[in-house]
Amino acid sequence: MGIGNLLARDRVGKTFLTLLALFAVVVSTLNLLVPEASAFHVSTFTVTVAGKYLCYALLALAVDLVWGYCGILSLGHGAFFALGGYAMGMYMMRQIGERGVYGNALLPDFMVFLNWKELPWYWLGFDHFWFASLMVLLVPGLLACLFGWLAFRSRVTGVYLSIITQALTYAFMLAFFRNEMGFGGNNGLTDFKDILGFNLQKDGTRVAIFLLSALFLGLGYITSRFVVESKMGRVVTAVRDAESRTRFIGYKVEHFKLWIFVFSAVLAGIAGALYVPQVGIINPSEFSPLNSLELVIWVAVGGRGTLYGAVLGAILVNYAKTIFTGILPEVWLFALGGLFVAVTLFMPDGLVGVARRLRLGGVR
Amino acid sequence: MKSFRSIGNLLATATLWLLSSLLSTTALAEETIKVGILHSLSGTMAISETTLKDTMLMLIEEQNKKGGLLGKKLEAVVVDPGSNWPLFAEKARELLQKNKVAAIFGCWTSVSRKSVLPVLEELNGLLFYPVQYEGEESSKNVFYTGAAPNQQAIPAVDYLMNDLGVKRWVLAGTDYVYPRTTNKILEAYLKSKGVKDKDIMINYTPFGHSDWQSIVADIKKFGTAGKKTAVVSTINGDANVPFYKELGNQGITADKLPVVAFSVGEEELSGIDTKPLVGHLAAWNYFMSVDTKENAEFIKKWHEFIKNPKRVTNDPMEAHYIGFNMWVKAVQKAGTTDTDAVAKAMIGIEFPNLTGGVAKMNKAHHLSKPVLIGEIQDDGQFQTVWQTKGLVDGDAWSDFLPESKVIIADWTPPINCGNYNTKTKKCSGQKY
Amino acid sequence: MSKRNNNPMLPCWEKPLLLLASGLWVLALLLAGLAPARADALADALNPLPTVAMADMEQAIGKLAQVQDPRVGGVLKALLEARLFYVKESKRVVFADPKDDGFKLTDALTGEALGEVGRFDVKKIPITNALRTVLNSAIAKLELTAPDAKQRLKAVESIIQNPNPEALALLTKQVGQEPDNTVREAIQVALSLADLSGSDKTLRVQAIHALEGNLNQEVRNRLTALQEKTETGDFIEPDSDIRNLAAVALKKIQLKLEMNRLGEMLFFGLSLGAVLVLAAIGLAITFGVMGVINMAHGELMMIGAYTTYVVQLLMPNAIDYSLFVAIPAAFVITALVGIGIERGIIRFLYGRPLETLLATFGLSLVLQQLVRSIFSPLNRSVSTPSWMSGSLEINSALSLTLNRFYIILFSLLVFWGLLMILKKTRLGLEVRAVAQNRAMAKAMGIRTDWVDAMTFGLGSGIAGVAGVALSQLTNVGPNLGQAYIVDSFMVVVFGGVGNLWGTLVGGLTLGVADKILEPYVGTVLAKILMLIFIILFIQKRPRGLFPQKGRAAEG
């Protein structure tokens, strides 16, 4: 099944990809080429915020893969996202070099400060971009592999699985908060200067990362679509709908679950790695269980089990958050909370479900 | 398959909506001077920061009553970074780029300041940071109106050592950068005064720690070993209530084992049953109970503004009060709200403290302030028991840490650097 | 007493001022003994207090303490408890007790009631920590002959901590006529300690023998001090016999202490566990029995805690009884809120447990913000009733804090009550029936709608009650719920969904294990290890400690 063939059957997906490309091109052109005084200029603020949304969208896509298609409600996907982010952050931290506050070429500022004498072993290699990029994929992937292997093998399912994924990310949060861990404690990693030699504060670099986020979101969407449409994806969906039955038919359910879980974790890691240079900080609160819960809600708002739904949900909820925190700072939690309640009550299949129903109603 | 078309439409509309609303942000004609307020109104830090937002609104309203600034009205732009650190950076960018504010008053935690810092330096904005902090920083774009460690921690320890005869020390803090730095400075300072390693106990706990039984038992054990002991607490916010409750219940009273806190002010006390706390200490640059004309006036205005005569005032509020008025003076002096001009005019600006004396903005972007030590009273107020003779000048780089001893901050020519190494004569960690 | 110069106690007094003051005291005492007591001596000592400068306050108190007058004790105590005020206009010294928004005054000298005044008409006579120490030891001396044995014991303990020659002289007089055993033993300790500091070797040896196995902190300190070396490496105590004897005595004490420490650790663990059980048990009902993942559970606890706050606001003069009102009030209010949630939201979501999670998470945000709007984002101050503050002293090395102690009892009580409701009442029977097989229960004529609402109300009510308990331990603020929600889920899952015993055993186990680990690895690492343990445990037993059996297990 070729990619073209795949997309030909996914019309919404095609629209989505076209729009994504259009959006990316328009935003970056309007930022770089249109003079600042013009009414059509898109500020760098908008670019970074939009880039952040795209990263969240990729993360939501990852959650939707495991939850929407495989029925694994992971309340700990924030951990994979943050680990990817930390890997990239460590690279950028090493790039600061002598420009740190204490001017130490080898050690990041917080280590100088905590009297570390040499770089801990797990920081070695992070001065190379290729190594850091590899780690962005490997660390979340391996963690998901280990965790999934343990959990799926012993058939931990349902709420039990959800709660232990929550325990996982909670444990990571506590661990990274510790200053002794060598990841900067509560302050995390910040004060990044450049990436691959490009100054992070230049508009060009920002737009490039923004475009990269759009690219990865597009690629992530296509691969995810490919995965769910493949035979393996069908089995995964079967696991979601009737796990025991699938097992009795003879499929190794654990393997399929593990595979999709690891794939999803890697996607989340990539999202994190793209997120960190755009927001300029990575800190343990990204591991907080509430964050992971929130991403599940993005997916629910968009519509689980439809990849574009997850993307739509992530972008809309975050956009709403940006708007509300700006214009209604006192009451935005009411609005957000109310939205979640309303979505689950009145739109069980999310916005996509509503659109579908409207469409069907129209036909009838 | 047909049904999918409407979803496509939905997506398309959503995207267009997003694009169009993003575009419609460009500036209106500037009739007001905008002041950004960047304090969390939700999330874990809302508890402390909401008050500061209200303080700023009060100060701006008052300034407008006086006729505004440079003939224009001031306009407050309030945003909510929701105690989320990346969001602080994003909101700061929004304030500077979208709203074009002349200055930002905000942040509470160190991490929020660190998160905002690169944005400020990139967009050349101004931040007034009103909270006591760990030092080891001086940015061209930030004015630190809270206390540096030498304006809070060191005088407090001096008081305990000289006036109360404390010989043994417990340094208890929440595990983040402010307590870590403060304790490091204090440890070095105590050792320089001849205190032995075995007479110092250091303990870190996570944020919001609520089960203090074992730690308080340890402190009790440590503190009853004969020599007079004191606890120097840099425990943050929410963890304080259970900590003091446990102290009270395990029978640790202030006369036996006093606790001096750097993060517990009037506002925090208003949420605590203060009876078991009476006699414990806090070190600040401001107490609501200080009896001066300026302070009485400030408290009166605050009560009128907030419409609640029971609300308290605290140290970061005073910091904003001083910071805002200094900014107003600097803008008047510079005749413009341009960042560089104002930043230059700020240095040397003087404004009376609410607690007496005149605060002066020094070359390192810190203030000179009096240091007060107060004992907690059962009505939730402090009674000043000790006070520095004159004003203490804020020192960005502690003299008690080997790596920062050689560093100074001076934002006047010829040095013009917040991180100047006096040995190598080099300016590091700066982008200009 | 007159040989002050070779007084062995002297090194203990590190503060020259204290020394000076007590020197004056001794002098004053001698004078007071010589001159006939004057009737208005108390007035003479008391009346200057409002105008005395802070620096001279210590002297003024010393003077006050020397007055031979039965009223002195009351005045000193009032000063210590911040009840001693003066009227701003007349400078008259009065006792003031808060009444409404002002104070009720009583004349400090005559005891004459002076009616009520506003809060700005009087001013408190300020004291500091240093003065509190002076006051405590002055009061201790006066109370040595108090009729109440407890007061006498407190007085003796205060003297043990701040010994001075004249107090010891009083003790020597007292020891023969002391009727109470505990007090007498405490006096013996004080005297033995004094002997230990003396120069007579036989007395010292005797003293060490007498102190062997005593758990008093001061004893330990003194014995340890005997082992210490100076800077040059010489022992401070020259006599090696004394040193060795002290070492032996100390060892015995250490052994006893270790045992006590174990007991203490167990208590800490149980109390942490009890809090976890309280927080989780309501969840065990809604989550375990109904399959509803209620993320707003923490916010229901928060409502319970705020109820306590409001109840205390409504009955400011009866804080001691407030909890007895707050517990039922919190139960009813949160139960009603819970029923509202069930009827308004959850009943539309049965069979979709993960969606209840999303809806209730949204709800939790709304409830938090609601509380912020109504009560402000600041924490609220909830007072601890007097019967819950302080600690229960088992011996001088082991004391159990009362609030924790009551909370352990309370959580067991709640657990038992809940168990009884589920086991013995009709509601309980129906709840269990619906949990086992909803369709069948419905067919048997059980109104499942009603049962669902009641079950959720019950679970929520328990959360409210837990909130009342938490208000005694921690902050009452909008974030209260968030702090406990993750932990409560861990407990329920660890114990086994749908099993109350699992929750009890799970909560207590986690609490105790956490406290055992804490001294070795620190608080954070202990918690991380617990989480890893839970993750691994679930691999081993995917249905928790006490798994549900039968069909319900496939939920």
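Dividing the convex hull volume of the alpha-carbon atoms in chain A by its residue count gives 170 Å³ per residue. Checked against a 32 Å cut-off, the cross-linked pairs B:184/C:123; B:307/C:77; C:201/C:252; B:221/C:150; A:321/B:363; B:196/C:252 give Cα-Cα distances beyond that limit for B:184/C:123; B:307/C:77; A:321/B:363. The share of alpha-carbon pairs in segment B:153-261 lying farther apart than 21 Å comes to 29%. Computing Rg and the Kirkwood Rh from the Cα coordinates of the protein assembly as shown gives a ratio, Rg/Rh, of 0.99. Mean residue ellipticity at 222 nm, helices only, chain C: -21500 deg cm²/dmol; runs of at least 4 DSSP H residues each add -39,500 (n - 2.57), and the sum is divided by the number of residues. Counting only the Cα atoms, segment B:175-238 fills a convex hull of 84 Å³ per residue.
Hey, what number do you get for chain B at 222 nm if only DSSP H runs of n ≥ 4 count, each worth -39500 (n - 2.57), divided across all residues, to the nearest 500? Theoretical 222 nm ellipticity from helices: -11500 deg cm²/dmol. P(r) for chain C, please, calculated from all Cα pair distances in 10 Å bins and given in %. The distribution over chain C is 3, 14, 19, 18, 16, 14, 10, 4, 1, 0, given as percents. Inverting the pair-averaged 1/r between distinct Cα atoms of segment B:50-167 gives 16.0 Å as its Kirkwood hydrodynamic radius. Kirkwood analysis of segment B:236-322, using all unique Cα-Cα pairs, places the hydrodynamic radius at 14.2 Å.
With only alpha-carbon atoms in the gyration tensor, what are the semi-axes of the equivalent ellipsoid for chain B, in Å, largest first?
38, 26, 23
Sorting C:143, C:89 by the number of Cβ atoms found within 10 Å of their own Cβ, with the fewest placed first, yields C:89, C:143. The HN-Hα couplings worked out from phi for segment B:311-321 by the Karplus form 6.51 cos²θ - 1.76 cosθ + 1.60 (θ = phi - 60°) are 5, 9, 10, 8, 4, x, 5, 4, 4, 5, 4 Hz, whole numbers, x standing for Gly and Pro.
As an equivalent ellipsoid, segment A:244-313 spans semi-axes of 29, 16, 12 angstrom, where each value is the square root of five times an eigenvalue of the C-alpha gyration tensor, largest first.
With one equal scatterer per alpha carbon and no solvent term, the Debye-computed log10 I(q)/I(0) for segment C:389-505 at 0.13 1/Å reads -0.67. Any idea what diffusion coefficient segment C:259-554 gets from Stokes-Einstein, in µm²/s, Kirkwood Rh on alpha carbon pairs, 20 °C, 1.002 mPa s? D = 109 µm²/s. Within the shell of other residues whose beta carbon sits under 14 angstrom from the beta carbon of residue A:32, the net charge comes to 0, with Lys and Arg scored +1 and Asp and Glu -1. Computed over segment C:183-310, the P(r) tail beyond 22 angstrom holds 59 percent of alpha carbon pairs. Once a ≥ b ≥ c are taken as the square roots of the eigenvalues of the Cα gyration tensor of segment C:363-454, is the result rounded (a/c under 1.5), prolate (a/b larger than b/c) or oblate (a/b not larger than b/c)? Taking the square roots of the gyration eigenvalues as a ≥ b ≥ c, segment C:363-454 is oblate. By other beta-carbon atoms within 10 Å, ranking A:169, B:205, C:110, A:190 with the fewest at the front produces C:110, B:205, A:190, A:169. Its Cα gyration tensor gives segment C:144-238 an equivalent ellipsoid. The semi-axes, each the square root of 5 times an eigenvalue, are 27, 13, 12 Å from largest down. Pairs of lysines in segment A:3-288 whose Cα atoms sit within less than 25 Å of one another amount to 8, provided the residues are eight or more positions apart or on different chains. Based on DSSP H segments of at least four residues, each scored -39500 (n - 2.57), chain A has a per-residue ellipticity at 222 nm of -24000 deg cm²/dmol. For GluC sites (Glu not before Pro), no site in segment A:147-250 is both called loop by DSSP and has at most 15 other Cβ atoms within 10 Å.
Neighbour counting of Cβ atoms within 10 Å sorts the residues A:196, A:65, C:191, fewest neighbours leading, into A:196, C:191, A:65. The reciprocal of the average 1/r between distinct C-alpha atoms defines the Kirkwood hydrodynamic radius, which for segment B:311-432 equals 16.5 Å.
Every number here is computed from the coordinates shown, using simple stated rules; none is lab data. Keep in mind it's a predicted model, so treat the numbers as computed, not measured. With ideal geometry, Cβ positions are generated from the backbone for all residues, glycine too; neighbour counts draw on all protein chains shown.
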